[in-house]
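This report concerns only the one structure given below.
The values are calculated or read from the model by the stated rules, or taken from the named source; none is laboratory data. In this text, all values refer to a predicted model and were calculated from it rather than measured experimentally. As a convention, Cβ positions derive from the backbone with ideal geometry for all residues, glycine included, and neighbour counts pool all protein chains shown.
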Amino acid sequence: MNNLNTANLNAKFEDSIVRMIVTGPVSDIEVEAATQWFDTLGDAQDEYQLYLEIPKMHFPDLGSVRKTFLSLANLMRGWESCGRCAVVTDSPFLRSSAKIEGTALPQMELDSFGIVELAEAEEWLEAA
């Protein structure tokens, strides 16, 4: 599977885990590219886990971080093959928002982790 590389979205699939790093506000074109990439992945994989890293330092304000996360959360609603999603961020606000959004994603388990909790996030995904 080819990697997804856009201006602010980078994702690669290895060992049943998608590692996606968001490096800034995501455009509609990037959301569409991610939609196509995950559709292709879902067709090829029965199940995968998602490591989603969104450091707030790449965003002008918390509103743009939240808007980007909500755009991705809307995509996640269609990801039937995604068993778990670990949202990793340095924003306590986004960690809380991710847990709330996770209740609207019944097909997957979602948990959030601080940037310093990378090992815990990886272990949680690998335990799936």
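The residues listed here are 70, 41, 50, 62; of these, the one that is within 23 Å of residue 126 (Cα to Cα) and either modelled with pLDDT under 90 or surrounded by 20 or more Cβ atoms within 10 Å (Cβ to Cβ) (or both) is 50. Considering segment 13-31, and only residues there that are farther than 19 Å from residue 119 by Cβ and either among the hydroxyl-bearing types (Ser, Thr, Tyr) or in a strand (DSSP E or B) (or both), the residue that is farthest from the chain's Cα centre (by Cα) turns out to be 27. Taking the listed residues 34, 121, 98, 73, the one that is part of a helix (DSSP H, G or I) and in contact with a Phe, Trp or Tyr (Cβ under 6 Å, 6 or more places away or on another chain) is 121, with no other qualifying.
Number of residues in segment 21-45 that are polar (S, T, N, Q) and touching a residue at least 40 places away in the same chain (Cβ under 8 Å): the value is 1.
Total residues in segment 38-50 satisfying the condition of being under 13 Å from the mean Cα position of the chain (by Cα) and assigned to a helix (DSSP H, G or I): the figure is 1. Would segment 53-61 turn up any residue that is within 12 Å of the chain's Cα centre (by Cα) and in a helix (DSSP H, G or I)? No, there is no match, as no residue in segment 53-61 is within 12 Å of the chain's Cα centre (by Cα) and in a helix (DSSP H, G or I). Over 24 Å from residue 109 (Cα atoms), out of contact with any Lys or Arg (no Cβ under 8 Å at 6 or more places or on another chain), of a type outside the set (Lys, Arg) and at pLDDT 95 or above, is that true of residue 5? Yes. Restricting attention to segment 73-84, the residues being charged (D, E, K, R), at pLDDT below 90 and within 17 Å of residue 103 (Cβ to Cβ) number 1. Could we say that residue 55 is at pLDDT 85 or above, within 24 Å of residue 27 (Cβ to Cβ) and either surrounded by 13 or more Cβ atoms within 10 Å (Cβ to Cβ) or touching a helix residue (DSSP H, G or I) at 6+ places or on another chain (Cβ under 8 Å) (or both) here? Taking the combined requirement at face value, the residue satisfies it.
Let's see how each residue does on (1) out of contact with any strand residue (DSSP E or B) (no Cβ under 8 Å at 6 or more places or on another chain); (2) surrounded by fewer than 18 Cβ atoms within 10 Å (Cβ to Cβ):
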{"residue": "88", "(1), (2)": "no, no"}
{"residue": "91", "(1), (2)": "yes, no"}
{"residue": "94", "(1), (2)": "no, no"}
{"residue": "98", "(1), (2)": "no, no"}
{"residue": "103", "(1), (2)": "yes, yes"}
{"residue": "110", "(1), (2)": "no, no"}
{"residue": "117", "(1), (2)": "no, yes"}
{"residue": "121", "(1), (2)": "no, no"}
{"residue": "127", "(1), (2)": "yes, yes"}
